[in-house]
Amino acid sequence: MGGMARLLVLTLAAALLGAAGAAGSTPGARRDFAPRCKGSQLAGSFSAVRGSAGAGNISYALVLRNRSTAACTLTGLPSVRLLGRSGKRLPTTVKPAFAGALAAVLVTLEPGQSSRATARFSPDVPGPGEPTQGTLCERVAYRLRVNAQGGGTVTVPIKPPTSVCEHGRLLFSAYGTRT
C-alpha cells in the first residue's frame, strides 16, 4: 500500500473511532449495560408459529420474558436442549438460521419485557441414520431447557410437543428485539 493510501486508511480509521467515541459520550447516554439474564429471571414458551408449516419444515418461536424486578440482557443464538416427556435429554443441535450474516444484537429486557428467537426444523422428514418408516424420526420433545447466559437454566413447555428430525437440528435466529 502506498503512502497516500495508507494515510487515507489511517485518517478514515481515526475519524470512525472519533465518531464512535463522540456517540458514546452524549450527555445523558447510558454507558453501562444490564447483566446477562439468569435462568431464575426468565419464563417463556416454545410454540409453533401459525401458518409456518411447509416443505417438511415448521417454525417455533422461543419467547423469553423477564419475570424479575431488574433489567437483564440476551444476545446471540439460544443454547438449548430438547427434553422428552419424563425430562430425558433428547438429541439437540443448534445451528444459525442465517449462517455468515450479522445475527446478534444486545437485547435489554426490562422487567416484564420479552425477547423472541425463531427455530425452523423438520418434525417429520428423517435425516441420515433416523428411522424412515413406522416410527418418528426422533422421540417427541415436550420441553425445552434454555441455558441462560447469566447462569442457570429455564425450562419452557413446547406447544404442541413435537419430534425434531435430523437428530434434533434446530436452525435458530438470534434473540430479537423485545416483543
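For the stretch 119-142, taking the residues that are part of a strand (DSSP E or B) and either buried (at least 18 other Cβ atoms within 10 Å of the Cβ) or without any contact (Cβ under 8 Å) to a residue 60 or more places away in the chain (or both), the one that is nearest to the chain's Cα centre (by Cα) is identified as 119.
Condition test on residue 173, is it among the hydroxyl-bearing types (Ser, Thr, Tyr) and closer than 22 Å to residue 41 by Cβ? Spelling it out, residue 173 is indeed among the hydroxyl-bearing types (Ser, Thr, Tyr) and closer than 22 Å to residue 41 by Cβ. In the stretch 66-94, what residues are within 14 Å of the chain's Cα centre (by Cα) and over 18 Å from residue 141 (Cα atoms)? Within the stretch 66-94, 73, 74, 75, 76, 77 meet the criteria.
When you scan the stretch 132-148, do you find a residue that is assigned by TED's automatic domain parsing to the domain that holds residue 68, touching a Leu at 6+ places or on another chain (Cβ under 9 Å), under 30 Å from residue 69 (Cα atoms) and among the polar types (S, T, N, Q), even just one? No, the stretch 132-148 contains no residue that is assigned by TED's automatic domain parsing to the domain that holds residue 68, touching a Leu at 6+ places or on another chain (Cβ under 9 Å), under 30 Å from residue 69 (Cα atoms) and among the polar types (S, T, N, Q). The set of residues in the stretch 161-179 being part of a strand (DSSP E or B) and within 16 Å of residue 87 (Cα to Cα) consists of 161, 162, 163. Is it true that some residue in the stretch 91-107 is among the small types (Gly, Ala, Ser) and at pLDDT 95 or above? Looking for residues that are among the small types (Gly, Ala, Ser) and at pLDDT 95 or above, one finds none in the stretch 91-107, hence no.
Here the stretch 143-179 is the region considered, the condition is being within 16 Å of the chain's Cα centre (by Cα) and over 28 Å from residue 112 (Cα atoms), and the residue that is surrounded by the most Cβ atoms within 10 Å (Cβ to Cβ) is 168. With respect to residue 76, determine if the residue is in contact (Cβ under 8 Å) with a residue 24 or more places away in the chain and closer than 24 Å to residue 34 by Cα. For residue 76, the condition - in contact (Cβ under 8 Å) with a residue 24 or more places away in the chain and closer than 24 Å to residue 34 by Cα - is met.
The values are calculated or read from the model by the stated rules, or taken from the named source; none is laboratory data. Since the structure is predicted, the reported quantities are computational estimates derived from the model, not experimental observations. Ideal geometry is used to build each Cβ from the backbone, glycine not excepted, and the neighbour counts take in all protein chains shown.
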